[in-house]
Amino acid sequence: MIRDHDGGDDAVAAPDATATVITDHARRRPRLGRLLAWTGAAAVSLALVAGGGVVALLALDRAYPPRTTPSAPASTIVVDHDGRLLTAYTTADGRWRLPADVVSVDPRYLKMLVAYEDRRFHEHAGVDPLATGRAALQALANGRIVSGASTLTMQTARLVEGRPERTLARKLMESGRALQLERRLSKDEILSLYLALAPYGGNLEGVRAASLAYFGREPDRLTIGQAALLVALPQSPEWRRPDRHPEAARTARDRVLDRMVGLRVLTADEAAAGKREEVPTGRLAFPRLAAHASRSAIEARPDERIVRLTIDRDLQAALEALARERTAALGQKLSAAIVVMDAETGSIAARVGSPELLDDARAGHVDMSLAVRSPGSTLKPFIYALAFEAGIAHPETLIEDRPSAFGSYAPKNFDQSFMGTVTAREALRQSLNVPAVKLLDAVGPTRLAVRLADVGVELALPRPEAPTLAIGLGGVGIRLVDLTALYAAFVGGGFAPVPFEVADAPKEPARRLIDPVAAWYVADILAGTPPPANAARHRIAFKTGTSYGYRDAWAIGFDGRHVVGVWVGRPDGAAVPGLVARTAAAPLLFDAFARVSPRRAPLPRAPGGALIATTGTLPPTLVRLGGDGAAGEANTGASRLHFAYPPDGARVSLDAGGIRQPLAWRIEGAGAAVSLLVDGKPVPIPSHRRAGSLTVPQRGFVRLTVIDPTGAADSVTVFVE
């Protein structure tokens, strides 16, 4: 007996077992067919819906392509040669929006961020169906929104679009945009956008800006507590700002740490250690290293958001601190500038324009590394180099350091004394003025100025004056960065590099300044210059210079790899009684070099052709500078080598009836073949020629120099009209 579905007894006898099985299959077949039909219809419907969704998404892609870059520009930043931040600037709307990516942040922070915000970030396609369903069920059960369903991709889409409202329509749009972003960008690229744009309170956007402002460090290495705080802040950036609401920030951070323990991202001990960390209660200033160099770079490249310099951040920071320390000890209103340059390439490894940019008392905004100032005696090595190159003198040549007059110009030494007969080596090491002027008189001041101009360094002269002997003692203007590059020629075989500090700027080749032998002679001399008090001997070759009136103190030094230039003085050019280079600039130079290179790089060896000799073994023409002592008696009066025409300082018109005429010249007092130079450049003339003419292509000052084999010389400067 069986019961029917109503529960009554059936009067019909039951069939056998086989019949019963056949009857059950017969009854189930229609139901199975209907189920299969319904399933097929549902599958077709879902396929149609999915296909329609795909078609709609593709159409949306074409009609409304998503942003893959932020709608607002990022902050402009200047980085060092390794990409480390030197200086950052706010955007036009006053936001700190620094670039960041997954490579530049702490991996533990990334792991915590993904675990807390979007655990299935690496599995979903922009929208997480599980999170959406969970959020909907929780909202229905509680009558309010309990948890959100925004994925990191959806949050990134909202940040990229720059629309903060959170309506249902916006949520739907964010979902569509998230799907679009996933089709166009990799997971790392999406995450990098989030890291660059997430809000952290106030005008801070992006994890890099937040890490620098709250912790004073880049986000590449964070503590557990710092990482947890950075995870918590974007969810409610204003209410959790640690500089305004530190307790709320602490509570949010600790909640993240507890969640990480539950998700097994952190151990309980790690979370406890993170909770013990102090929460910052204020904001720190953003880095402002190499402020003057950074400002120059972005002014030259206003459209670039990241400018890379050749500067080394650690060295720059060390030298800026050194400049602040030393100027504070020297006195109020004094400033300092330091330039560190690679002697071979000209790349600038550090450039300090002032001790502190915002120090108004020292005019910190003025970049003294680029200011034109009087160089004092720091041009003397180039005078000696040209004299060595021209065969006028040798390091062991004897020169008289006695009272001398050059027309109305009568130079004196710094201490008002004279040392009598000295070698050129000793005269340069002691920075004696009279020997330097005698050599410059033999070489010609115009020749010096022209030679420097040939390598791109224009000396600042009062217009329309021509170079005079006074330039050898500082009667001219030059920039510290240019002077530093010139000194590199003593290391580079006579070649002066073109300085540069923007890493990807076009590189210009070094230019020949002086002969390699002359360059080595000068380097060898300066390597023996007595160091300042308490400094190690023979560490570097260097030269100091103090300008007239105690306005500028200079020290330029070099080893076999680097050149360092130092300037100390007042930016307004006022005199500073007692400001002497040897006590103000030289100690700063030696301290700077100790930070540049702990070990001294050896200077180049003597090149071929260098004459290693004593005074007694020199050729007769090099034993004593021509015009000194007995030789001087032979070159006085009418027999002295000199220009008979044109006279020094004359204005000569070469236009005759609209036709350009050559410049005539004539010399007297020469007893052998002579060499004629025009603006420092040799002009071929027939042997024993004493008169002639030469073509002067343009209007302006022209310097004529004549030199005979004994070293006697004369120069005149005329203005050609």
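The values are calculated or read from the model by the stated rules, or taken from the named source; none is laboratory data. Quick caveat, the model's predicted, so the values are computed rather than measured. Note: ideal-geometry Cβ built from the backbone for every residue, glycine included; neighbour counts use all protein chains shown.
Given the condition of a type in the set (A, V, I, L, M) and either buried (at least 21 other Cβ atoms within 10 Å of the Cβ) or within 20 Å of GLY616 (Cβ to Cβ) (or both), answer yes or no: does some residue in segment 407-417 qualify? For segment 407-417, residues of a type in the set (A, V, I, L, M) and either buried (at least 21 other Cβ atoms within 10 Å of the Cβ) or within 20 Å of GLY616 (Cβ to Cβ) (or both): absent. Filtering segment 445-467 to residues that are surrounded by 23 or more Cβ atoms within 10 Å (Cβ to Cβ) and in contact with a Lys or Arg (Cβ under 6 Å, 6 or more places away or on another chain) leaves only THR446. When the residues of segment 686-715 are filtered to those that are in a loop (DSSP other than H, G, I, E, B) and on the phi > 0 side of the Ramachandran plot, the one that is surrounded by the fewest Cβ atoms within 10 Å (Cβ to Cβ) is HIS688. Exactly one condition in (1) over 27 Å from ALA92 (Cβ atoms); (2) buried (at least 23 other Cβ atoms within 10 Å of the Cβ) is not met by ASP188; state its number. Only one criterion is unmet by ASP188, namely (2). Taken as a whole, the condition of being part of a loop (DSSP other than H, G, I, E, B) and within 30 Å of the chain's Cα centre (by Cα) applies to GLU458.
Selection over segment 75-121 of residues that are at negative phi and assigned to a loop (DSSP other than H, G, I, E, B) gives a count of 22.
State yes or no: is LEU233 touching a residue at least 24 places away in the same chain (Cβ under 8 Å) and surrounded by fewer than 17 Cβ atoms within 10 Å (Cβ to Cβ)? When the stated conditions are applied, LEU233 does not pass them. Looking only at residues of segment 251-283 that are in contact with a Leu (Cβ under 7 Å, 6 or more places away or on another chain) and charged (D, E, K, R), we find that the one that is farthest from TYR109 (Cα to Cα) is LYS275. So is PRO530 modelled with pLDDT under 95, of a type outside the set (A, V, I, L, M) and more than 21 Å from ALA594 (Cβ to Cβ) or not? No; evaluated as a whole, the condition is false for this residue. Screening PRO246 on (1) surrounded by fewer than 18 Cβ atoms within 10 Å (Cβ to Cβ); (2) under 30 Å from MET368 (Cα atoms) shows it passes everything except condition (2). Evaluated against (1) under 30 Å from SER75 (Cβ atoms); (2) of a type in the set (S, T, N, Q); (3) at pLDDT below 65, THR132 falls short on exactly one condition, (1). From the list ILE514, ILE471, ILE478, ILE525, the one residue that fits, being in a strand (DSSP E or B) and more than 17 Å from ALA349 (Cα to Cα), is ILE478. Taking (1) surrounded by 19 or more Cβ atoms within 10 Å (Cβ to Cβ); (2) among the small types (Gly, Ala, Ser); (3) in contact (Cβ under 8 Å) with a residue 60 or more places away in the chain in turn, SER211 satisfies each apart from (3).
Scanning segment 611-639 for residues that are touching a strand residue (DSSP E or B) at 6+ places or on another chain (Cβ under 8 Å), at pLDDT 70 or above and outside any strand (DSSP E or B) yields a total of 4.
Yes/no per residue for (1) in contact with a helix residue (DSSP H, G or I) (Cβ under 8 Å, 6 or more places away or on another chain); (2) modelled with pLDDT of 95 or more; (3) in a strand (DSSP E or B); (4) under 18 Å from THR484 (Cβ atoms):
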position: THR544; (1), (2), (3), (4): yes, yes, yes, yes
position: ALA553; (1), (2), (3), (4): yes, yes, yes, yes
position: GLY565; (1), (2), (3), (4): yes, yes, yes, yes
position: ALA574; (1), (2), (3), (4): no, no, no, no
position: THR583; (1), (2), (3), (4): no, no, no, no
position: LEU589; (1), (2), (3), (4): no, yes, no, yes
position: ARG599; (1), (2), (3), (4): no, no, no, no
position: PRO602; (1), (2), (3), (4): no, no, no, no
position: GLY609; (1), (2), (3), (4): yes, no, no, no
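Taken residue by residue, segment 484-496 has no member that is part of a loop (DSSP other than H, G, I, E, B) and of a type in the set (S, T, N, Q).
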